[in-house]
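Undergrad: Quick one: structure below, then a few questions.
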């Protein structure tokens, strides 16, 4: 297989795009495509301040790398979750994130959940009894809350996360299997700013997971290879496997599923609803939008944790 | 496992309903449930004339059996497709259908496609060059057209087909993977009568395929075990397999997928459109509703076939 641009030996073959590229041209192509998606979905401009949520994994470090190469004003945010799992998971991912930031002279904010709230994620999960014995629900809730809080407090216009196509298609698949209307109305590359929340964007949402791995490796980005030790057996991984099966027999099926969804929604497939109809209002403690009656889920959880201490 | 109703040894265990029944109570339960679905979705009343599309398979013969046992006015329609496939498929399915009708003293209409249109399905498919070398597209088109035509010509109020949950979930899955808006707005247990088309109903749409097989066997209905010889490798079978995988790890997933879809649509998830917006109008030859500009797809195909002769 030869590179379409220069005829050299191709390093990456993307069946769904019928496109093969050598390493050098792949490293050009990915930022070009990202720029195209940023413009297409009106994600942000070069005047805006972007906070990139970085976990030390291939997607978020690549995203940060790409945005900086594209001359966007992007700082990093690392959330220390306090997950060990016998492999020093959080410790190692923080080390790699800090190393990446230092090597590239980038500004990195670090927030340690244990220092901030007294307990690391696994203990917050134990104490609050959320999520059927797995810390994933508490972790997701905490990360969302903290990313929103810090982006707002530090005055960032935009919060960017490294979700790739596999992530997005898996979430969409899960929400579609049970027809979760509220999620189907909101999931997408951009969640607009609302009532004190920064805009949220996913510039990598059209790249396959393996494309991002290829980018990180080709760029020589040192990232944490291990999945979170708690991720094994999760529903999202199960859905990813099902979608990968589909993709194997029907190359492009995953991308089509996600893009046709966005297109159909844009063309009015769904009946839009107002925030009021979704019953969203500011949490009485932290001010973030919530559908819960008084406190948002995060503040309710933290209240429970404080009472248990 | 014991029958929930009488404590005898259970013959059928339905994990998704957490319900096990003996043969006798299963044979009561299936018609009771069917009656419940007929009422719930306002399918038809005992005053209306129903035409049941029967293929000689377990679903359609069971449907006919159930409707007659429930005292509905149900006649049968068998379409002779002229498919042999080395196993005399059409011949055998017609023989079993006629036998069932005779044993139960039921009225059966038989329409032979070759007699009606000069060619059996496989040749219509060859001549018209539709469907990538497989006759399935032509077969589906022809069956839909003929069922509509005959129900209207013979003055039936309702056309009932034996689609089970696996059929419906598979179609829904395929349409969802590419977000086919028009289908998502219309697919369901009832398609209302419109412009000369009888109402179409699927009274078995909430039964799993294996539940219908269990019913047919328990009732001693002789049906054709073979799938259509052309069905192997079809997309709908592939989707059924994927959904079966999902069902194995998450019992009830298939039913939830279908029912939550119907519920979400009823609750206004989708933006409804008028026939006019869907661009449906009567075919200039046969009068059936179509989205094609002049002739409907069936009449266009038949014109092509006539020209080729």
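Just so you know, all these numbers are worked out from the coordinates, no wet-lab data involved. These numbers come from a predicted model, not from an experiment. Cβ sites come from the backbone with ideal geometry, for glycine too, and all protein chains shown count toward neighbours.
Undergrad: Provide the three semi-axes, in whole Å and in decreasing order, of the ellipsoid equivalent to segment B:1-139 as defined by the square roots of 5 times the Cα gyration tensor eigenvalues.
TA: Values: eigenvalues 244, 71, 45 Å².
Semi-axes, largest first: 35, 19, 15 Å.
Undergrad: If I model a spin label at residue B:178 and residue A:2 as a point 7 Å from the Cα along the Cα→Cβ vector, what separation in nanometres do I get?
TA: According to this spin-label approximation, the distance is 3.4 nm.
Undergrad: Which residues does the label zone of residue B:112 cover in segment B:121-154, counting backbone N under 17 Å from a point 7 Å along Cα→Cβ?
TA: Counting only backbone N, you get B:121-124.
Undergrad: Another question, then. Please compute the length gained on full extension between residue B:157 and residue B:95, using 0.36 nm multiplied by the number of residues separating them and subtracting their Cα-Cα distance.
TA: On the way: separation 62, 0.36 × 62 = 22.32 nm, distance 2.69 nm.
Stretched fully, the residue B:157-residue B:95 segment lengthens by 19.6 nm.
Undergrad: What is the Rg over Rh value, at two decimals, for segment B:67-125, using alpha-carbon atoms and the Kirkwood definition of Rh?
TA: Numbers: Rg = 13.4 Å, Rh = 12.6 Å.
Here Rg/Rh amounts to 1.06.
Undergrad: Here's a follow-up. Between A:106, A:242, A:96, find the one with the highest GNM mean-square fluctuation for chain A; connect C-alpha pairs within less than 10 Å.
TA: Looking only at A:106, A:242, A:96, the biggest GNM fluctuation is shown by A:242.
Undergrad: So how much slack lies between residue A:250 and residue A:47, counting 0.36 nm per residue of separation and subtracting their Cα-Cα distance, in nm?
TA: Details: separation 203, 0.36 × 203 = 73.08 nm, distance 4.08 nm.
Between residue A:250 and residue A:47, full extension yields 69.0 nm more.
Undergrad: Continuing with this model, one more query. Hey, what D do you get for segment A:64-199 in µm²/s if you plug the Kirkwood alpha-carbon radius into Stokes-Einstein at 4 °C and 1.567 mPa s?
TA: This corresponds to a translational diffusion coefficient of 77 µm²/s.
Undergrad: GNM on chain B, C-alpha springs below 10 Å: top fluctuator among B:203, B:192, B:31?
TA: Of B:203, B:192, B:31, the Gaussian network model singles out B:192 as fluctuating most.
Undergrad: Moving to a separate point now. Within 10 Å of each Cβ in peptide B:176-184, how many partner chain Cβ atoms are there on average? Round it to a whole number, please.
TA: Mean inter-chain Cβ contacts per residue within 10 Å come to 6.
Undergrad: Would you tell me the mean number of C-beta atoms belonging to other protein chains that fall within 10 Å of each C-beta in A:55-63, as a whole number? Walk me through the intermediate numbers first.
TA: Numbers: counts 0, 0, 0, 0, 0, 0, 0, 0, 0.
If you average over the peptide's residues, the count of other-chain Cβ atoms is 0.
Undergrad: Nearest 5 is fine: what % of DSSP beta bridges in the protein assembly as shown come out antiparallel, could you say?
TA: Details: 19 of 51 bridges.
So the antiparallel bridges in the protein assembly as shown amount to around 35 percent.
Undergrad: Separate question: Viscosity 1.002 mPa s, temperature 20 °C: what is the translational diffusion coefficient of chain B from Stokes-Einstein with a Kirkwood Rh over Cα pairs, rounded to a whole number of µm²/s? Write out the running numbers ahead of the final one.
TA: Numbers: Rh = 20.6 Å.
The Stokes-Einstein estimate is 104 µm²/s.
Undergrad: Further question: Tell me the relative contact order for segment A:27-181 as a rounded percent, counting alpha carbon contacts under 8 Å between residues six or more apart.
TA: Details: 185 pairs, mean separation 40.2, N = 155.
Averaging sequence separation for qualifying contacts and normalising by length gives 26 percent for segment A:27-181.
Undergrad: Students often check this: by mean Cβ neighbours within 10 Å, which of A:207-217, A:133-143, A:298-308 ranks highest, and how do the rest follow? Walk me through the numbers on the way to the answer.
TA: Numbers: A:207-217: 21.0, A:133-143: 18.2, A:298-308: 16.5.
Per-residue Cβ counts within 10 Å, averaged per peptide and sorted highest first, yield A:207-217, A:133-143, A:298-308.
Undergrad: Taking 7 Å along the Cα-to-C-beta vector as the label spot, tell me the residue A:294-residue A:39 distance in nanometres, rounded to one decimal.
TA: 5.1
Undergrad: Relative to the longest principal axis of chain A, what angle (0 to 90°, nearest 10) does the C-alpha long axis of helix A:165-177 take?
TA: Result, in degrees: 60.
Undergrad: Related question: Need the full-extension length gain, residue A:23 to residue A:267, defined as separation in residues times 0.36 nm minus the C-alpha distance. One decimal, nm. If you can, show how the numbers build up before the last one.
TA: Values: separation 244, 0.36 × 244 = 87.84 nm, distance 3.75 nm.
That works out to 84.1 nm of additional length.
Undergrad: Now a separate question. Would you calculate the volume per residue, in Å³, of the smallest convex hull containing every Cα atom of the protein assembly as shown? Spell out each step's value before the answer.
TA: Details: hull volume 126.2 nm³, N = 618.
Output value, Cα hull per residue: 204 Å³.
Undergrad: Related question: Considering only DSSP beta bridges where both residues belong to segment A:1-144, give the percentage that are antiparallel (nearest 5). Intermediate results must be reported in sequence, preceding the final value.
TA: Numbers: 4 of 14 bridges.
That works out to approximately 30 percent antiparallel.
Undergrad: If you rotate chain A onto chain B, whose Cβ in A ends up lying nearest the axis, and how many Å away is it?
TA: With distances in whole Å, chain A gives A:271, 2.
Undergrad: Residue by residue through B:200-211, how many Cβ atoms from other chains fall within 10 Å of the Cβ on average? The partial results should precede the final answer.
TA: Details: counts 0, 0, 0, 0, 0, 0, 0, 0, 0, 0, 0, 0.
For peptide B:200-211, the averaged partner shielding equals 0.
Undergrad: How large is the direction-averaged shadow of the alpha-carbon convex hull of segment B:1-70, in nm²? Mind dumping the intermediate values first?
TA: Numbers: hull surface 22.5 nm².
Taking a quarter of the hull surface, the average projection is 5.6 nm².
Undergrad: Sticking with this structure for a sec: Would you mind telling me the antiparallel percentage of the DSSP bridges in chain B, rounded to 5? Walk me through the intermediate numbers first.
TA: Details: 9 of 25 bridges.
If I count the DSSP bridges inside chain B, around 35 percent turn out antiparallel.
Undergrad: Quick check on chain B: helices-only [θ] at 222 nm, where DSSP H runs of length 4 and up contribute -39,500 (n - 2.57) each and the sum goes over total residues. Nearest 500, please. Provide the component values of the computation, followed by the final result.
TA: Values: 12 runs with 146 residues, N = 309.
Result for chain B, helices only: -14500 deg cm²/dmol.
Undergrad: Got the residue A:271 label distances to the other copies yet, label 7 Å along Cα→Cβ, in nm, shortest first?
TA: 1.2
Undergrad: Continuing with this model, one more query. For a bin width of 10 Å, list the pair-distance distribution of segment B:192-303 built from all Cα-Cα distances, rounded to whole %.
TA: It works out to 10, 23, 31, 28, 7, in whole percents.
Undergrad: Here is a further query. Normalised by the residues of chain A, what does the relative contact order come to in percent, with Cα pairs under 8 Å and at least six apart?
TA: On the way: 460 pairs, mean separation 57.6, N = 309.
Taking the mean separation of contacting Cα pairs over the length of chain A, I get 19 percent.
Undergrad: In bins 5 Å wide, starting from 0, what share of all Cα pairs of segment B:193-255 does each bin hold, as a percent?
TA: 4, 12, 15, 19, 20, 17, 9, 4, 1
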